[in-house]
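A.B. asks: This is the structure I want to talk about, given as structure tokens.
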Amino acid sequence: FFRYSNRMDTVKEDPKPMAEKETTTINVQDVNGGEEGKEQDKEQEPPLPSFSSLFRCADCVDKVLITVGFISMFCLGAAMPAFSYVFANLIDDLAGPPELVASNINRLSITMIVFGLSAWALAAVGVVCFSVSGQRQGAVLKRQFFRTILR
């Protein structure tokens with residue numbers, strides 16, 4: 001595909017397409033005479049940790065913080081479709097009778113401001129809950145690590 005010239009910063013395209021190039025397959029064997037792939041298959045990968053093991057250092061306060069953070073982030077995610085619905089109503093009201101346009105736009109503008117402030121508050125609560133929980137669990141892990149080292 002590409003070949004490098006003497007200078008490392010320039011790359012020239014190889015004019016010969018890949019289909020025209022000759023390819024050879026070499027069977028690589030290790031020192032013992034067996035193929036490399038067979039030994040790799042024999043080695044087993046360590047088991048993956050379970051989801052609950054992620055929270056092994058979490059106490060009841062941490063679990064409450066995680067739950068509150070999850071609920072606030074879920075509500076924050078639901079705020080965008082709700083905001084789109086309010087915005088669609090705002091656009092629809094622009095095509096309505098002229099005497100009602102001003103009052104409807106004022107009502108929907110206040111609704112949009114409330115959505116924005118609530119989204120800001122939900123994001124702040126979620127970030128604070130996850131940060132505090134992570135800091136607390138990290139402190140527990142550090143204490144366990146240092147106890148293990150000092151033994």
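The values are calculated or read from the model by the stated rules, or taken from the named source; none is laboratory data. Predicted model only: the values in this text are computed from it and were never measured. So basically every Cβ, Gly included, is an ideal-geometry build from the backbone, and we count neighbours across all protein chains shown. All accessible areas refer to the heavy atoms of the entire protein, side chains included, with ligands and DNA or RNA removed. Shrake-Rupley method; radii C 1.70, N 1.55, O 1.52, S 1.80 Å.
Residue-wise test of (1) closer than 30 Å to A58 by Cα; (2) in a helix (DSSP H, G or I).
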site: A82; (1), (2): no, yes
site: G96; (1), (2): no, no
site: N104; (1), (2): no, yes
site: L108; (1), (2): no, yes
site: L117; (1), (2): no, yes
site: L122; (1), (2): yes, yes
site: V125; (1), (2): yes, yes
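A.B. asks: Given the options A88, A58, name the one that is surrounded by 10 or more Cβ atoms within 10 Å (Cβ to Cβ), in a loop (DSSP other than H, G, I, E, B) and modelled with pLDDT of 85 or more.
C.D. replies: Numbers: A88 fails: in a loop (DSSP other than H, G, I, E, B).
After ruling out the rest, the residue left standing is A58.
A.B. asks: Next up: Which of the residues belonging to region 51-63 are free of Cβ contacts under 8 Å to residues at least 12 places away in the same chain and within 22 Å of the chain's Cα centre (by Cα)?
C.D. replies: F51, S52, S53, L54, R56, K63
A.B. asks: Do we find a residue being touching a residue at least 12 places away in the same chain (Cβ under 8 Å) and farther than 30 Å from F145 by Cα anywhere in region 90-103? Full working, then the answer.
C.D. replies: Kept after step one, since they are touching a residue at least 12 places away in the same chain (Cβ under 8 Å), are these residues of region 90-103: 90, 93.
From what's left, farther than 30 Å from F145 by Cα: 90, 93.
Yes, because at least one residue in region 90-103 is touching a residue at least 12 places away in the same chain (Cβ under 8 Å) and farther than 30 Å from F145 by Cα.
A.B. asks: Determine which single condition F1 fails, assuming it passes every other condition in (1) loosely packed, with under 10 Cβ neighbours inside 10 Å; (2) among the aromatic types (F, W, Y); (3) modelled with pLDDT of 80 or more.
C.D. replies: Only one criterion is unmet by F1, namely (3).
A.B. asks: Further question: Every residue in region 91-119 that is open to solvent by less than 60 Å² (accessible area, probe 1.4 Å) and β-branched (V, I, T), please.
C.D. replies: Within region 91-119, V101, I105, T111 meet the criteria.
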